[in-house]
Amino acid sequence: MTGAPRQRLPGWLILVAAMTAVGPVSIDMYLPGFPDIEAEFQQRGVEVTMAAFIIGISIGQLFYGPISDRFGRKPPLYVGFSVYMIGALGSALAVNMTMLTVMRVVQALGGCAGLVIGRAIVRDRCEPHEAARAFTTLTMIVALGPVLAPAVGGFVVAHFGWRATFMVQAALALTLLLTMHGVLRESHVTPDRAVSFGDILRNYGRLTRDRRFMSLSLLLGFSMAAMFCYVTGAPKVITQNYGLSAQQFGALIGLNGLAFMSASVLNMRALRTLTPARVMARYVWASPLLGFTLLVLSILFDLPLWAVVSLQLLFFVTIGRVSPNVSALALAPHGRSAGTASALMGATQSALTATGGLTVAIFNDGTVHTLATIMTTGASLALVCYLLVRRVGL
């Protein structure tokens, strides 16, 4: 007897995942080049270039969301990927840290189109429970970015220099633009071209007064910020304390993607019998406990690398169990204005993530316990947001 045939992933979801992965790839690919960048420019604080990228994403999403509600999902993607390529090429040609930081902002202003519009496309095509499964699948595919990008980045940095990582990113954006043009079908079939700038502001005002939506957005934002703090601080903490090369660190940071892939597989199984709200409720408590465990152990003991990485990967897995369900629950009531809602949720997430990155840039002293403190703070604030959203109702 043969089993039931496996359901093939729809092409649109794979393409949306690839567009969404542009953000993580843009962050993770150049991580192995951090020491070389600081050495070439003779300036410390390269983490600021990453925080600048997140700030650019936060600002840009606020524009792409309403624009995609008014004109459709595809037109803003053409603009976004073109701007992204300009920023990537400018980063490759940067002559100092200031220029690199500015070009990273430009790159982010383009790359965020795929992030915000990708979420809106999922909401266009899926009902809430199906959307939770789609977001989980999206997370699983996007997780390939953090698996491959640092490893590819380590190889590129070792053989061609850190500037080449941005050339690779520009080529990726061109490939996605051409593929999107030929493959992606418009999902927002009744765009509201009568929407004015005042309407956009009123829509944002309405969303900011929605306590359920904002609590969920903040929950997602603090969770992702806690994770991003590790990604930002790890190049200094891991390489200084454990003496890894750029390629070794690239391979190690790539395990984060495997953690998210594992979380996605487990989440898909859980959603067969549980609602997204129930899955979120089970795992939102775990990341603060894991962060606190890493903090205490790093203070008491000189932790080996395997112990730090094991706790950190479990930390990432628990966030991966929560985040897709939060996205589905937050966007479910906002079908007609999915782009605007996705933009505000993404901008909130990006602003908190950028704050986390700047916090790491300021306070990161190269010790595990300092990094663990920042991670635990973000995860704990996410838990507070969950308690708030539970009071107003899921």
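Structure values in brief
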read-out: Sum of side-chain charges, THR359 neighbourhood, beta-carbon under 13 Å (Lys, Arg +1; Asp, Glu -1); value: -2
read-out: Per DSSP, loop chymotrypsin sites (Phe, Trp or Tyr not before Pro) in the range 277-341 with at most 16 further Cβ within 10 Å; value: TRP285, PHE301
read-out: Range of Cα positions in the chain per principal axis (Å), largest first; value: 55, 55, 44
read-out: GNM flexibility winner over the chain from GLN107, GLN349, GLN43 (Cα, springs under 10 Å); value: GLN43
read-out: Area of MET180 that stays accessible when all protein chains are in place (1.4 Å probe, Å², to 10); value: 0 Å²
read-out: Gaussian network model of the chain, Cα within-10 Å springs - most flexible of GLN240, GLN248, GLN61; value: GLN240
read-out: FRET efficiency for ARG391 and LEU289, using Cβ-Cβ distance with R0 set to 35 Å, rounded to 0.05; value: 0.95
read-out: 3J(HN,Hα) from dihedral phi, the range 372-389, Karplus parametrisation 6.51/-1.76/1.60, rounded to Hz, x for glycine, proline; value: 5, 4, 5, 4, 5, 4, x, 5, 5, 5, 4, 4, 4, 5, 4, 4, 5, 5
read-out: Whole-Å distance, taken between Cα centres, linking the range 265-282 and the range 335-385; value: 23 Å
read-out: Net charge of Cβ neighbours under 13 Å - reference GLY23; Lys, Arg +1; Asp, Glu -1; value: +1
read-out: Other-chain or far-sequence residues with amide H under 5 Å of HIS188's (modelled H); value: ARG73
read-out: Selected from ARG73, ARG269, ARG119 as most flexible by GNM, with the chain as the system and alpha-carbon contacts under 10 Å; value: ARG269
read-out: Karplus (6.51, -1.76, 1.60) ³J(HN,Hα), θ = phi - 60°, over the range 232-242, in Hz, Gly and Pro reported as x; value: 6, x, 4, x, 6, 5, 6, 5, 6, 7, 10
read-out: Cβ-based net charge around MET280, under 12 Å, with every Lys or Arg adding one and every Asp or Glu removing one; value: +4
read-out: Whole-Hz ³J(HN,Hα) from phi, Karplus 6.51 cos²θ - 1.76 cosθ + 1.60, for the range 32-43, glycine and proline x; value: x, x, 3, x, 5, 5, 5, 5, 5, 8, 6, 8
read-out: Ratio of Rg to Rh over the range 200-320 (Cα coordinates, Kirkwood Rh, two decimals); value: 1.06
read-out: Loop-located trypsin sites (Lys or Arg not before Pro) in the range 192-259, at most 10 other Cβ atoms within 10 Å (DSSP); value: ARG193, ARG209
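The values are calculated or read from the model by the stated rules, or taken from the named source; none is laboratory data. No experiment lies behind these values; they were computed from the predicted model shown. Quick reminder, even Gly has a Cβ in these numbers, built from the backbone with ideal geometry, and neighbours come from all protein chains shown. Please note that ligands, DNA and RNA were not included when accessible areas were found on the heavy atoms of the full protein model with its side chains. Shrake-Rupley method; radii C 1.70, N 1.55, O 1.52, S 1.80 Å.
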